[in-house]
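Structure record follows, encoded as structure tokens.
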Amino acid sequence: PAVTALLDVLMEQDQDHLPPGQRRRFVHQRTAIVPYLIRTVEEDQYASADSPGEGQAPIGGWGPILAVRMLGELRAAQAADALVRVVASSSPEDVIHDAALFSLMAIGSQALPAVHAYFRYGSQVETRASLAEVLAYLGRKNTNTFDFLRQAWEAAGWKGNRRMVALALGDLGDRR
């Protein structure tokens, strides 16, 4: 019942944030709520035609966006793969896209395997460019980071957000 009540609160939101009291309720139910937050993010049934942002993402509305943000706030490492999929299935103009990127960074080094997996096996150049900042932030000490960013740089044209990869390479601080 507590999880159901929290999910109802999440889906009924008509603003881009949860009040602090509501967020504390999510924190107290962390173990129970995380799988449901991931499901909220992954399932199209929670999408809204009124999704915020300018893109044409298949997921939207404040419920999924707030779920993405809560996953980051809760540092839910098990959500990393789902968050990478959100980045891949949305466009940079979508609110949920940036929310997923920030949540991956909030999760920290435990999200790095999911980001690495996308750089190894993912096919969308734009998604790699979007994830470049996350990779540089999380993978500063990882030996694969520079090579992944270099490959993303070579694959991206200026229309493919090469600028984002350049910024990530600069943030990485690697002399190469």
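Of the residues making up the stretch 27-42, those that are hydroxyl-bearing (Ser, Thr, Tyr) and more than 17 Å from Pro1 (Cβ to Cβ) number 1. Annotation: of all residues in the stretch 65-108 being among the β-branched types (Val, Ile, Thr) and touching a residue at least 40 places away in the same chain (Cβ under 8 Å), the one that is nearest to Gly139 (Cα to Cα) is Val84.
Looking across the stretch 105-143, the residues that are closer than 20 Å to Pro92 by Cα and assigned to a loop (DSSP other than H, G, I, E, B) come down to Gly122, Ser123, Gln124. Just a yes or no: is a residue in the stretch 88-102 in contact with a helix residue (DSSP H, G or I) (Cβ under 7 Å, 6 or more places away or on another chain) and of a type in the set (Phe, Trp, Tyr)? Yes, the stretch 88-102 has at least one match.
Looking at (1) modelled with pLDDT under 90; (2) crowded, with 19+ Cβ neighbours inside 10 Å; (3) part of a helix (DSSP H, G or I), can you tell me which one Asp8 breaks? The single condition Asp8 does not satisfy is (2).
A single member of Ala106, Ala155, Ala117, Ala129 is modelled with pLDDT under 95 and either within 20 Å of Leu71 (Cβ to Cβ) or within 20 Å of the chain's Cα centre (by Cα) (or both), and it is Ala129. Would you call Leu169 part of a helix (DSSP H, G or I) and under 30 Å from Leu6 (Cβ atoms)? No: the conditions fail for Leu169.
Given the criteria crowded, with 20+ Cβ neighbours inside 10 Å and under 17 Å from Val87 (Cβ atoms), does Leu135 qualify? Yes, satisfied.
Beta carbons closer than 8 Å, at least 6 apart along the sequence or on distinct chains, pair a first residue in the stretch 149-169 that is under 15 Å from Val134 (Cα atoms) and open to solvent by less than 90 Å² (accessible area, probe 1.4 Å) with a second that is of a type in the set (S, T, N, Q) and modelled with pLDDT of 85 or more for Asn161/Ser130; Met164/Ser130. For the stretch 76-97, filtered to residues that are modelled with pLDDT under 95 and over 16 Å from Glu43 (Cα atoms), the residue that is least open to solvent (accessible area, probe 1.4 Å) is Asp94.
The values are calculated or read from the model by the stated rules, or taken from the named source; none is laboratory data. Just so you know, these numbers come straight off a predicted model, no measurement behind them. In this analysis, Cβ positions are derived from the backbone assuming ideal geometry, glycine residues included, and neighbour counts consider all displayed protein chains. Calculation scope for accessible area: heavy atoms of the full protein, side chains included, ligands and nucleic acids excluded. Shrake-Rupley method; radii C 1.70, N 1.55, O 1.52, S 1.80 Å.
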